[in-house]
Structures are given as structure tokens and as C-alpha cells.
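The values are calculated or read from the model by the stated rules, or taken from the named source; none is laboratory data. What you see is a predicted model, and the numbers here were worked out from it, not measured in a lab. No Cβ is skipped: glycine too gets one built from the backbone with ideal geometry, and neighbour counts run over all protein chains shown.
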Amino acid sequence: MQHVAIADQPDELHDPESFIAKYVWSQDHKVIAIQYGGTAIFVGLIALVLSGLMRLQLGFPDTFDFIDPSAYLQFVTMHGMIMVIYLLTALLLGGFGNYLIPLMVGARDMVFPFMNMLSYWVYLLSVIILLASFFVPGGPTGAGWTLYPPQAILEGTPGYDWGILLMLISLAVFIVAFTMGGLNYVTTVLQARCRGMTLMRMPLTIWGIFTATVLGILAFPALLVSAIMMILDKTLGTSFFMPVLVSLGESLEYTGGSPILFQHLFWFFGHPEVYIVALPAFGMVSDVLSVHARKNIFGYRMMVWAIVAIGGLSFIVWAHHMYVSGMHPAFGFFFATTTLIIAVPTAIKVYNWVLTLWRGNIHLTVPMLFAIGFIFTFTHGGLTGLFLGNVTIDLPLSDTYFVVAHFHMVMGVSPIMVLFAAIYHWFPLMSGKMFNETLGKWHFWCTFLGTYAIYLPMHYLGFLGVPRRYFAMGTTDFIPDSAQTLNAQITVAALLVGLSQLIFLYNILWSLRYGEKSEKNPWGAASLEWQTPDQPPRHGNWGPELPEVHRWAYDYSVPGVKEDFIPQDHPVTDEERTDGEGGHA
Amino acid sequence: MSFLKTLGTKPWLHDTEPGGVAYAGPDTEAAARIALRFVLAVVGVLFFLFIITFLSRSQYPDFEALAGAPWQPFTDPTRLWLNTSLLFMASVAMQWGLGGTRQGKLNVAVTGISAAVFFTLMFIVAQMDLWLHLQSMGYYITSNPANSYFYVLTAIHALHLIGGLLILSNIVFRVWYDNKLESLTAPLQLCTTYWHFLFGVWLVLFAILSSRPETINALAAMCGF
């Protein structure tokens, strides 16, 4: 039986013919996903190089003349902002969201393909504006990725003139792009699912992406509001955030605004942003673990509830980033409590991942290695979050390398482990080719072990009290000289990890050209995206007929069945129905 | 509670028949309605956050509300009421035009939409005139945070109206070429909802921007500022 879906008008089934319509101004969600992914990885590589430059200065101070304090702060700022917004958010939602949503819910495309295309091009514009700030007088902003006023727009901060303006404009443009994409993601999930794809039959990847998109739609306006108000403070001289102050001996005309107001707005966006990055990663890692352990995800419903609960709670924890900004002790208590509460659904997820592995038929493929690696890095990063979520422990650790180590483990390394897992996992689907397994394993071990070589000692530096964002330590009695040795070691490890990403790039590019043709559904996955008639899927995804879903996405190792998985679009047999629980409760 | 019920289903059981539960059919109109709800949510959150910061900022000593003392511009809000009536007329005209498309009356539809566009443009012009009026009284954007908020909020509200006009013109021209009046109903319904929503937003902005200091302080106290 044929079902006509949204965006399933007959004319849309015709493949676009010209090169430009097919690959440049494409409205196909898969091409847009690749465009998003390619751009995000490109800016991510720039941010990676910036972190290498930063580490060179920290590990070997007074060695590199071209890194002065201003340049260092600019590297820090651009590295942070690019990684969080332009790489992670864009790659997870714009890249994987675009590629996987229609395929996993059984749609031909997003419901608004034109807006989807527009979303990518506006995102590209935001990236161009951001990168343009490297070439303006004064260079990019060096205000730190949090862009706190008043210093962000005051003379003395690198890029206080053009750099900060371009950063704020770029963020505003990015938000427009995200909103256009986000509207597509949520509407497609809610409206374009194929027959039988109930909400609770969706793979956890889709739940993660969907919830993260809702968070983004509600949280990004806070960043937009703060960006607009800061642009006006900078250009017109309003006093939304700028207090009465004397700068470099000169009284400024600001009449007495509130920098704390900016912090509240920024973190009202900033904390949900952590989960905008984390939730899609949670979803994708659940699916990768389940497929490569040949076992249904443990506690599917609990996993969905946890995603939704984390999404809701993420809006009432923001001020735990601001304990040292000065706040009423009752607020500190409130935000510490909500922070600890959000650890509960998060811990449930970690337990469920581990329990999915328990007695599973674990295949240590490259995606699986990265997924298991994620469980380690995320647990470590999450546990240090419990320290920092408590006011009394946060105060001495605030603005030290402990914080840097914590957030890199929890929202830097962990989502990137999942991104690698996801790229390796879905690479055969996207390209029709297999990657080189050996190179993939080299990439994993270098990245995973290297990550620990970087961030474990960084926690210790934090305990010593080494402050973050400092160009050089100067004379500090309380920090032993050995801290510098550790810093040098971290730098060496960081450079090696950075270089090992070349293995990944080489592997992907080489495999695209020369890789072996992948067999269809090489991992034996049950979810819908692998059941397309062609691999990689053609324009329109499903050929003449849309699929019909009869089961959830986790029917692995079902007893009494010849294959060890049953695809979602296979009808339920009579035996299964009479069995009630399907033989695998 | 249907969402909670959905979250309670057990997808690993095979006792439920597939289909019929979630698939809403080929319904582009429903998709557009859902998308509009999210758009309204984004716009609502945007203005909500602006208003929260307004209330927070109002508790700093340099803040002077635009109403209260006799010399303040909005102590007598006649001009604001005048502008409000223009936007109200735009909303009414949209609704009227929508009624016309539903009944297949081309004349009513065209007149309604044209009147809505006219009144919306008039509203924007009147708001700009109000800006000039405030400036002539010495109320510049930088001279006080209350002024800054007035200019910023009215500008952003006007930008949303202009965005609505662009979408509306796109829809109207598409229908013009298709020459099918009935295909206008669904998108015009969404535009009308958007117009009503922006009218509602304007009423809230009007109320808050023309509030006296004691009202603003009371609201700020309720928010914990």
C-alpha cells in the first residue's frame, strides 16, 4: 500500500539533474547534511589548530614570538566559540539531524526543504562573518567565549572594536539559521513519520535530536537578546549591560547597566546549550551501542524519559555557572540542588548504556570503540560536574584548570567521541563505502588515550590553583615549578591528539575514493535508515513506496529468529504476537 | 495527558497494531500549523526575555520610567492608543480577509488583505513618527535605559511585522499566479494568527513601556529583582 507523505509530491521524486541543483542549491536533506557537516568539520579544524597554538604557549612559554597575550586570548575565545556553536551544534543538529531525521522516521525529506536549504546557507554566512574577524583591524575578539561585558567591548580587550561586533553579528545570524533548521527538525519528527512509526518506536537518536532542537529553539533567543543588547551598548552607547566606569583613565558615558544581567542571559542560553550538544550525542551513542552489542537498548522508556527530563531541567540550572559572580545564598542552594537533580536522569542513562553492554554480543568495531570510550569520558566529566555543581567546592575551583578539564571531558571530548562513533557508524550508509578498520582503530586509541593524557593532569593543575585563561603564570608562589612540567606534557599530548585527527581525515577521504564497496546494512542494524532500497539512499529515500513500521528499532538477538536482528519494517509474525512479550522483555 | 500516555507505551510489545497511532497523513497544513506554533514560541520567548531584562534593569538607580511624572511622554498615552488602534485594525482586516477567502469572496479577501497591509504599514510609520516625537522631546536612545528599551522593543516588534508582510506578500503573489482562491485559506489563516499574536505582543509591550514606576517596581519585585 502506498502512502503519500508530506514533501512527497510527485514532482519532488525526480532527481535534480544539474550539478548546481544537485550539490550546491540542493534541497535534499542528505546533501544539506553533508554541506553542514563539511563546513562544521572545516571550522572545527581551525579551532583545533587554535587550541594547538594555545597549548604551545602554555607548554613552552617565552618560546614563540608570534603568540602575544592578545593573540593568546583571541585563540582561546575563537577556539571555544567555534567548537561549541559552529562545530558541535552545527554538526550534531545541522549535520546528523538533517541526515538522520527523515531516514529514521521514514520520510522522503524534511517538511520544508527550501527553508532547510536556506538554513545551511545562512549558517555558512555566519561562519564567513565569524572567520572574517581574523582579517579586520584588531583581529577577532579575545573576550573569552562567554563574551562577558564590560570587558568584551572595552578598549584593552583584543578585538574590542570590530572583532566583538563580528562575533555578535555572526551569532545572531547563526541563530536565524538554527531556527530555520530547527523548525524543520521538530515539524518533520512530529508530522512526517511514516505509518507505524509511533513516537515511542523512534530510535533514541531521534528523541535526542528532537529534544535538543526544542531546547535550542527556546534557548537561543536568550543569546540573541544578549547579542542585540550588547551590539547596541557597543555601537550606540546604550547602557543595558555597561556599568558606570572609568576605562584607561577616561570616564565613559555609560549610565549604570548590569553586567550580571548579561551573565544570566548568556547562561540561560549557555546551559541548555550543553544539552543541545549532549542530547543528540546521548541518542546516537545509545543506537550505536545497541547495534554493536546486538542487544536491545536497556530501558528504552527510561531513556526517553531521561532525555525529556534532562531537557526540562536544563532550563533551571543556569546560575551554577555564576556562583562566583555573587548571588544570594538561597539562589546558590537552589541551583546547586537542581544541578544535583539533573545528575539523576543522566546517571540513569549511563547505567542503561552499561547494562546494554552487559551480556551483549559485543563487536569491538571502530564505532563501538568510540561509543564505549564515550561512556568513560562522559562518566569522568560528569562526576567532576558534581564537584563543581556544589557552591562550596566550586568557589575555590572556579576559573582554574579543573573547570577546563571538567567541561572538556563532559562536553568537548564526549560529544566528539560520539561524533566519531556516528561518522564511522553511518559512513557506509552515507557513502556506500567502508572505511579502513585498522586506521579507524589507530585513530580511536590515539584520541582516547591522548584525551586522558591531556585532561587527567589538567584536573590536578586545577587543584593546585592554576588559573585558566592566563597567558603566562608570572611569579606565583603557590604553584610549584612542576606544574610547568605537567603543562609541557599536556601540550605534547594535545599536539599528538591533534595530529592523530589527520588519520581520521585521511581515512575518510581515502575511503571515499578507494574504499571497498560496503555491503548493504553492514552492521545489521534494525532501524529504518538502513532499510532504504539503495545505499546510499537516493533522492526521495524510499523509492516508489514509503516504508511501514511494525516494531521498535531494537529487535536484536530475538530468540528463534534466523537473523540476529529484525528490521523495523518487517511485519510482526503470529508467533511473536502470541508470545506477547516478543520473547525479549 | 496524551503525551504522558504516549511516553508510557511499551514499544517492545507486539500487541498493538502498527499504524493509526501517530501517522497523521499527508497533511502539509498541519505541518505548517505546528511550525507556526514553534515560530510563535520563539518570538514569545524573545520578547519574554526582553521584558524580564527590562524589569531587572528597571531596579537600577539610573532608570526613569517613561510614564508617571506629568512631563514624561507616556503619562498621557494617547499617541500609543492611536498606534494600537492601527494595529488592531490590521488584525481585524486580516480576519475579515480570511473570512472572505473561506467563503470564496474574492473582493472581500482582496480588500481585507489590502487593508491589513495598509494598516500595518501605517502602524509602522506611526511608530517611527513616535520615535521622532520622543527625540524632539530629548528622549534619545542612550539617555536612559527606559528609552533604550522603548526604541529596541518597538524596533524588534516592527521587524517582526515587516517579516510577516514579506511572508504575506509571498503567499498572495503565489496565489495570484495559481489563480486559486481556496489555496489561500490555509496560509492566510497562519498569517492571521501571526498578526493577532503580534498584536497581543504589542499590547504587552504597550502596557509595560507605559507603566508608572510603582507598577514596574511591583512587577520587578514579583520576579525577585
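Being at pLDDT below 90 and more than 10 Å from chain B (Cβ to nearest Cβ) is a property that A:GLU563 has.
Of A:VAL354, A:VAL274, A:VAL344, A:VAL308, all but one fail to be modelled with pLDDT of 95 or more, under 25 Å from A:ASP564 (Cα atoms) and part of a helix (DSSP H, G or I); the exception is A:VAL354.
Tell me, please, whether a residue that is touching a Phe, Trp or Tyr at 6+ places or on another chain (Cβ under 7 Å), crowded, with 24+ Cβ neighbours inside 10 Å and either assigned to a helix (DSSP H, G or I) or of a type in the set (A, V, I, L, M, F, W, C) (or both) can be found in the range A:396-408. Yes, some residue in the range A:396-408 is touching a Phe, Trp or Tyr at 6+ places or on another chain (Cβ under 7 Å), crowded, with 24+ Cβ neighbours inside 10 Å and either assigned to a helix (DSSP H, G or I) or of a type in the set (A, V, I, L, M, F, W, C) (or both).
Among the residues of the range A:541-563 satisfying the criterion of being in a loop (DSSP other than H, G, I, E, B) and of a type in the set (Phe, Trp, Tyr), which is farthest from A:ASP574 (Cα to Cα)? Result: A:TRP542.
Does A:THR198 satisfy being of a type in the set (Ser, Thr, Tyr), over 17 Å from the mean Cα position of the chain (by Cα) and more than 15 Å from A:GLY97 (Cβ to Cβ)? Yes; evaluated as a whole, the condition is true for this residue. Each residue in the range A:492-529 was checked for being assigned to a helix (DSSP H, G or I) and touching an Asp or Glu at 6+ places or on another chain (Cβ under 7 Å), and 1 of them qualify. Of all residues in the range A:104-134, those satisfying the criterion of being away from chain B (no Cβ under 14 Å) and touching a Gly at 6+ places or on another chain (Cβ under 8 Å) are A:TYR120, A:TYR123, A:SER133. The one condition from (1) closer than 30 Å to A:TYR554 by Cα; (2) away from chain B (no Cβ under 14 Å); (3) surrounded by fewer than 24 Cβ atoms within 10 Å (Cβ to Cβ) that A:SER251 does not meet is (1).
When we screen A:GLY299, A:GLY312 for residues that are more than 12 Å from chain B (Cβ to nearest Cβ) and surrounded by fewer than 24 Cβ atoms within 10 Å (Cβ to Cβ), the only hit is A:GLY312.
Conditions (1) of a type in the set (Val, Ile, Thr); (2) at pLDDT 90 or above; (3) under 30 Å from B:SER169 (Cα atoms), marked per residue:
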| residue | (1), (2), (3) |
| --- | --- |
| B:LYS5 | no, no, no |
| B:LEU46 | no, yes, yes |
| B:THR53 | yes, yes, no |
| B:ALA67 | no, yes, no |
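Looking only at residues in the range B:135-155 that are crowded, with 19+ Cβ neighbours inside 10 Å and hydrophobic (A, V, I, L, M, F, W, C), the one that is nearest to B:PRO61 (Cα to Cα) is B:ALA146. Since A:ILE503 meets every condition but one in (1) touching a His at 6+ places or on another chain (Cβ under 6 Å); (2) farther than 24 Å from A:ILE34 by Cα; (3) of a type in the set (Val, Ile, Thr), which condition does it not meet? So A:ILE503 meets the others, but not (2). Restricting attention to the range A:221-243, the residues that are assigned to a helix (DSSP H, G or I), over 16 Å from A:TYR160 (Cβ atoms) and either more than 31 Å from the chain's Cα centre (by Cα) or facing chain B (nearest Cβ under 9 Å) (or both) total 7. Restricting the first member to the range A:455-469 and to residues that are assigned by TED's automatic domain parsing to the domain that holds A:VAL404, and the second to residues that are among the polar types (S, T, N, Q) and part of a loop (DSSP other than H, G, I, E, B), the beta-carbon pairs closer than 9 Å and six or more apart or on different chains are A:GLY465/A:THR476; A:VAL466/A:THR476; A:PRO467/A:THR476.
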